[in-house]
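To keep things clear, I will list the structure first and then write my remarks on it.
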């Protein structure tokens with residue numbers, strides 16, 4: 001049985017990532033890319049579906065503590081037993097031409113008996129490889145179909161029941177390495193490398209990268225950890241950032257709201273771009289902007305809400321029957337049919353992202369502006385249509401309030417870009433469209449009987465996405481309609497103080513009801529509290545949200561207050577980006593509350609510093 005979601009830690013190399021449990025088991029790893037088939041899939045099944053266990057052999061359960069080594073992605077897990085103590089160091093080297101997971105057992109006290117168990121099952125736990133010993137060195141190679149791995153270690157290993165096993169003793173100051181490297185089966189195996197040199201180089205890479213960051217202040221450690229996590233979710237060759245490295249971790253334990261998040265969503269572009277720039281990481285922001293420009297090029301009517309990490313457009317969804325799912329949460333899905341949905345908000349996300357890139361100094365060429373103008377021509381013809389909305393509902397298209405607001409954002413940001421950077425544009429026409437959309441939202445989304453902006457035109461359901469209206473500059477936070485809506489969400493759309501996206505028991509989204517509270521939405525409420533001058537409440541809620549992160553600072557997509565557990569795919573980029581922005585916003589408020597209170601975020605200001613003041 002897999003561990004609790006919050007009991008996993010992440011290591012990665014810019015190509016893929018592995019999840020490692022507190023008890024030393026690698027239960028998820030897709031090779032060679034984030035979206036490839038998993039060779040360790042115990043996360044969604046059992047150990048028979050693939051895992052790599054490394055832990056002490058002891059009659060007494062060990063005391064386990066863990067941490068990342070400074071501001072790196074090197075995981076250190078301490079095991080304290082009556083016989084002694086060891087530390088397992090887990091990491092994935094970067095930039096060596098192949099992907100590799102290295103595990104080093106370090107003796108710290110006494111002598112500890114250790115057990116290693118390797119269960120390789122490629123193609124999401126389905127395919128059993130052929131395993132053989134290496135000819136001229138100690139280790140094994142495993143091959144099945146297109147995939148091959150090589151495991152090198154000085155420890156003697158043996159095969160048993162389609163597994164590779166070893167037991168060995170580690171005494172104080174001893175170090176025992178294991179290196180598992182991937183290669184396409186038709187190519188030569190990766191050559192051996194010194195694991196201790198790889199560790200030093202990996203540590204230097206992360207420390208140098210972290211040193212480029214500029215975040216300081218009360219919550220700087222948590223914010224910097226989130227930025228490291230975002231870096232770990234970036235596919236180095238293309239700059240695309242996956243929403244999460246996992247698929248099908250349930251939003252409701254035992255339920256069917258299980259999705260594949262190993263792809264790149266356009267709506268992540270705005271908040272990720274600015275998070276990287278605000279953190280001082282312009283190189284990553286530039287790579288993400290370049291990825292965005294590539295995937296959005298082409299016919300505007302073919303713009304998608306999401307793409308593969310290299311810009312792939314076809315992400316067909318299918319279900320895997322041989323995996324039972326995390327805690328029997330079926331189905332296990334590969335691919336994502338939401339790729340074909342109409343979600344009008346992505347047009348606003350793209351325009352916002354490209355505008356912020358210009359404001360931040362990431363100048364685009366003339367082609368990018370021409371593409372933007374063409375996209376806006378298309379948006380003008382479709383913004384009045386119903387769509388599936390930001391939450392990718394599967395119950396049929398509706399006129400979602402947030403979708404229309406983001407259509408307004410698209411024209412608003414294009415106008416601001418044209419004005420600020422002297423770009424050719426039909427400004428008067430765009431201004432008329434912007435005003436028309438704004439009036440349409442205010443007239444049709446406002447429910448006077450309930451005194452709220454509803455989820456849909458003419459509707460009565462609440463939706464947390466409307467918390468973004470003041471953050472996006474659609475209306476000021478002092479507007480009575482915004483205040484009433486925020487109050488209604490606080491009162492009627494929270495569970496134990498945390499915000500739900502919407503009530504799945506009331507709104508028909510085409511799926512069985514039930515999910516946790518959505519962490520990004522809870523961060524948005526913190527921003528609204530701060531904008532209304534309720535700083536003590538904002539700080540208290542932000543601290544509560546930070547406390548939901550696990551012991552190594554990672555957040556899932558959602559939190560279930562009833563069970564006190566993280567749920568949904570993990571770690572989730574959307575949650576970590578929201579943590580970054582809200583923390584920076586609160587520190588900006590604290591530094592200059594009189595200057596920032598009441599100023600809308602992302603409103604196309606005159607400088608990045610101004611845009612930083614209040615950002616969703």
> Any idea how far apart residue 370 and residue 492 come out in nm if each label point goes 7 Å out from Cα toward Cβ?
Replying inline: 5.0
> log10 I(q)/I(0), Debye, Cα-only segment 340-409, no solvent, q = 0.14, 0.21, 0.24, 0.26 Å⁻¹?
Replying inline: -0.46, -0.86, -1.01, -1.11
>> Given R₀ = 30 Å, what would the calculated FRET efficiency be for residue 127 paired with residue 256, taking r from the Cβ atoms and rounding to 0.05?
In response: 0.70
>> For the chain, take the longest principal axis of its alpha carbons; what is the angle in degrees between that and the long axis of helix 282-296, to the nearest 10 within 0 to 90?
In response: 70
>> Taking a virtual spin label 7 Å from the Cα of residue 394 along the C-beta vector, which residues in segment 244-287 bring their backbone nitrogen under 14 Å of it?
In response: 248-252, 255-261
> Between segment 41-57 and segment 398-459, what is the C-alpha centre distance in whole Å?
Replying inline: 50
> Which length gain, in nm to one decimal place, applies between residue 544 and residue 505 when the Cα-Cα distance is subtracted from 0.36 nm times their residue separation?
Replying inline: 11.5 nm
> Got the relative contact order for the chain handy, in percent, Cα pairs under 8 Å and 6 or more residues apart?
Replying inline: 12
> If you take the C-alpha gyration tensor of segment 43-198, multiply each eigenvalue by 5 and take the square root, what semi-axes do you get, largest first, in whole Å?
Replying inline: 26, 18, 15
> Which one is right for this structure if Cα Rg over 2.2 N^0.38 Å is calculated from it: [x] 0.90; [y] 0.98; [z] 1.42?
Replying inline: [y]
>> If I take the Cα coordinates of segment 548-589 and project them onto the principal axes, what are the three extents in Å, biggest first?
In response: 34, 19, 17
> How big is the gap, in Å, between the Cα center of segment 284-303 and the Cα center of segment 547-570?
Replying inline: 31
> Which whole-number value in Å³ per residue fits the convex hull of the alpha carbons of segment 234-281?
Replying inline: 90
> Just how far, in whole angstrom, is segment 572-592 from segment 323-388 if you go by their alpha carbon centroids?
Replying inline: 23
>> Quick check: residue separation of residue 135 and residue 380 times 0.36 nm, minus the Cα distance between them. What number comes out in nm?
In response: 81.7 nm
> With each pseudo-label sitting 7 Å past Cα toward Cβ, what's the residue 60-residue 1 distance in nm, one decimal?
Replying inline: 2.6
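Bear in mind these aren't lab numbers, they're just calculated from the coordinates by the rules spelled out. Computed from a predicted structure; not experimentally measured. Here Cβ is always computed from backbone atoms with ideal geometry, including for glycine, and neighbour counts include all displayed protein chains.
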